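K.L.:
Have a look at the structure that comes next, please.
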Amino acid sequence: MVERIIVGPLYTNTYILSTGKKECLLIDPGAEADKICARLESLNLIPQAILCTHGHLDHTAAAPRIQNHYLTERAHSIPIGIHPGDVRFFGADAVRHHHDCFTPLGRQAVAVFEQLRDGIPTASFEIKIGEPIFESDLVALETPGHTPGSICFYSETRAVVFSGDTLLFKSVGRTDLGESSADDLVKSISSQLFALPPETRLFPGHGPFSSIEREKRNNPLLDGERTF
């Protein structure tokens with residue numbers, strides 16, 4: 001089971017991936033922690049971990065409040081995982097780093113930063129490429145470009161990939177955010193995501209669902225279009 005919740009000022013896709021009768025993995029909780037927790041409760045699922053495709057606040061800002069909710073209400077600790085390349089976005093010293101990423105994009109972007117800045121999480125563990133995550137069928141693919149530590153989560157068994165802001169429906173992640181790289185992004189999509197079976201369902205960080213086959217046919221990757 002894959003459940004999507006759209007949250008926050010940038011309409012981020014948060015995903016609940018069921019891993020057992022009462023367990024799940026929570027991917028990219030970007031905002032609206034109460035909304036996410038309410039949906040988890042209605043599904044009777046408790047997160048084993050929070051997984052982040054990259055470190056931008058619109059994908060991580062709800063994580064601390066979700067952690068606190070489950071620790072307070074259920075005495076259950078939820079670890080947060082991130083790739084080592086994006087650890088700089090986490091922890092008490094990360095406010096300036098986030099601010100520097102948002103500022104070049106103008107006043108609207110800074111306003112989004114101000115909404116989310118109190119939600120900077122602390123990393124509990126580093127996600128290792130290619131290894132099963134919490135004994136699930138999910139593994140991380142290394143896909144730098146949007147950020148240096150961007151990753152995607154792939155399940156061969158389920159034929160699904162959670163692509164964060166690397167690959168979107170008819171678009172790709174933006175590469176004008178300081179540490180981003182257009183060359184790395186194109187290489188990551190071409191060598192990692194477009195190498196997956198064409199029937200693989202694509203669950204992106206923003207916007208509609210898609211598939212690898214559809215994006216290989218229709219994505220204007222080489223036209224330089226960047227949206228998130």
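Each value in this text was obtained by applying a stated rule to the coordinates, not by laboratory testing. Predicted model, so just to flag it, every value in this text is computed and none were measured. So basically every Cβ, Gly included, is an ideal-geometry build from the backbone, and we count neighbours across all protein chains shown.
K.L.:
About the Cα centre of the chain, how large is the charge dipole given +1 on each Lys and Arg Cβ and -1 on each Asp and Glu Cβ? Please answer in debye to the nearest 20.
P.N.:
On the way: 21 positive and 29 negative charges, 85 e Å.
Computed charge dipole of the chain: roughly 400 debye.
K.L.:
Equivalent-ellipsoid semi-axes (√(5λ), Cα gyration tensor) for segment 12-88, whole Å, largest first? Don't jump to the answer; show the numbers that get you there.
P.N.:
Values: eigenvalues 74, 31, 29 Å².
Computed over segment 12-88, the values are 19, 12, 12 Å.
K.L.:
Post the alpha-carbon centroid distance, segment 134-149 to segment 55-70, in whole angstrom.
P.N.:
Between the Cα centre of segment 134-149 and that of segment 55-70, the gap is 18 Å.
K.L.:
Along segment 19-36, what does the Karplus equation 6.51 cos²θ - 1.76 cosθ + 1.60 (θ = phi - 60°) give for ³J(HN,Hα), rounded to whole Hz, x for Gly and Pro?
P.N.:
3J(HN,Hα) across segment 19-36, in whole Hz: 10, x, 4, 10, 10, 7, 10, 10, 10, 6, x, x, 5, 6, 4, 4, 5, 5.
K.L.:
Sticking with this one: Multiply the residue gap between E199 and V2 by 0.36 nm, knock off their C-alpha separation, and tell me the result in nm, one decimal place.
P.N.:
Numbers: separation 197, 0.36 × 197 = 70.92 nm, distance 1.64 nm.
Result for the pair: 69.3 nm of gain on full extension.
K.L.:
Taking only Cα atoms of the chain, what ratio of Rg to Rh do you get with Rh as the Kirkwood inverse-distance radius?
P.N.:
Values: Rg = 16.2 Å, Rh = 17.3 Å.
Ratio of gyration radius to Kirkwood radius: 0.94.
K.L.:
Related question: Given the rule -39500 (n - 2.57) for each run of at least 4 DSSP H residues, summed and divided by the residues of the chain, what is its mean residue ellipticity at 222 nm, to the nearest 500 deg cm²/dmol? Intermediate results must be reported in sequence, preceding the final value.
P.N.:
On the way: 6 runs with 55 residues, N = 228.
When only DSSP H runs of four or more count, the value is -7000 deg cm²/dmol.
K.L.:
Over segment 2-223, what is the mean sequence separation of C-alpha contacts under 8 Å (at least six apart), divided by residue count, expressed as relative contact order in percent?
P.N.:
Working: 479 pairs, mean separation 34.9, N = 222.
Rounded, it is 16 percent for segment 2-223.
K.L.:
For K187, go through the lysines and keep the ones whose alpha-carbon is under 23 Å away, minus same-chain ones fewer than eight residues off.
P.N.:
K128, K170, K216
K.L.:
Which residue, I129, I78, I46, has the most motion in a Gaussian network model of the chain that connects Cα atoms within less than 10 Å?
P.N.:
Checking each option, the largest mean-square fluctuation is seen for I129.
K.L.:
If you filter segment 111-203 for chymotrypsin sites (Phe, Trp or Tyr not before Pro), then keep DSSP loop positions with at most 15 other Cβ within 10 Å, what is left?
P.N.:
On the way: sites: F113, F125, F134, F153, Y154, F162, F169, F194; in loops: F134, F169, F194.
Answer by residue number: F134.
K.L.:
Can you give the FRET efficiency for F134 and E73, using 1/(1 + (r/R0)^6), R0 = 22 Å, r = Cβ-Cβ distance, to the nearest 0.05? Write out the running numbers ahead of the final one.
P.N.:
Working: r = 21 Å, r/R0 = 0.97.
About 0.55, to the nearest 0.05.
K.L.:
Here's another thing I want to ask about it. Among the lysines, which have Cα under 24 Å from the Cα of K35 when same-chain residues fewer than 8 positions away are ignored?
P.N.:
K21, K22
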